[in-house]
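S.K.: Have a look at this one before I ask anything.
Just so it is clear, none of the values below were taken in a lab; they were calculated from the coordinates. Everything numeric in this text was worked out from a predicted model, so none of it was measured. Glycine gets a Cβ as well: all are built from the backbone with ideal geometry, and neighbour counts include every protein chain shown.
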Amino acid sequence: MNTPTYPVVQFLVARGKGVALALSLLVLIAAWAGGLATGQLWLALAGTAAAGVLLGLLLSYVEVLRIIADTLLPKY
């Protein structure tokens with residue numbers, strides 16, 4: 001029987017925390033760059049809040065994915 005592989009799940013289990021941090025940092029940098037370029041401080045502050053929320057959501061997603069991978073997926 002051919003056991004299915006899940007390369008994206010394996011990638012996110014192994015490197016999910018770094019991916020979450022990188023994406024959140026990218027949003028933070030983009031928000032501050034946009035806010036400073038346009039002179040709109042509220043944009044930078046809203047982007048900071050959005051980056052924080054995104055980081056929390058992505059880290060929780062990675063944690064749930066790790067639990068699912070540990071309990072439901074076959075071991076390789």
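S.K.: Using a 7 Å offset from the Cα along the Cα-to-Cβ direction at both Ala33 and Leu21, what is the distance between the two label points in nm, to one decimal?
M.R.: Roughly 2.1 nm, to one decimal.
S.K.: Also: Taking the number of other C-beta atoms within 10 Å as the exposure measure, put Leu59, Leu12 in order starting with the fewest.
M.R.: Numbers: Leu59 15, Leu12 19.
The most exposed by this proxy come first: Leu59, Leu12.
S.K.: Contour minus end-to-end for Val8 and Leu45, with contour as 0.36 nm per residue of separation and end-to-end as the Cα-Cα distance? Write out the running numbers ahead of the final one.
M.R.: Details: separation 37, 0.36 × 37 = 13.32 nm, distance 3.29 nm.
Fully extending the segment from Val8 to Leu45 adds 10.0 nm.
S.K.: Arrange Thr5, Thr48 by Cβ neighbour counts within 10 Å, fewest through most, would you?
M.R.: Working: Thr5 11, Thr48 15.
The most exposed by this proxy come first: Thr5, Thr48.
S.K.: What list of ³J(HN,Hα) couplings, whole Hz, do you get for region 54-64 from phi and the Karplus terms 6.51, -1.76, 1.60, once you set θ to phi - 60° and write x for glycine and proline?
M.R.: 3J(HN,Hα) across region 54-64, in whole Hz: 4, 4, x, 5, 5, 5, 5, 4, 5, 5, 5.
S.K.: Just to confirm the number: angle between the C-alpha axis of helix 7-38 and the first principal axis of the chain, 0 to 90 degrees, nearest 10?
M.R.: Taking the Cα atoms of the chain, the angle to 7-38 is about 10 degrees.
S.K.: With no solvent and one point per C-alpha, what does the Debye sum give as log10 I(q)/I(0) for the chain at q = 0.11, 0.17, 0.25, 0.28 Å⁻¹?
M.R.: Log10 of I(q)/I(0), two decimals: -0.40, -0.68, -1.03, -1.16.
S.K.: If each residue's Cβ is checked for other Cβ atoms within 10 Å, how do Val53, Val62 rank with the fewest at the top? Show your work: numbers first, answer last.
M.R.: Details: Val53 12, Val62 18.
Going from sparsest to densest Cβ surroundings: Val53, Val62.
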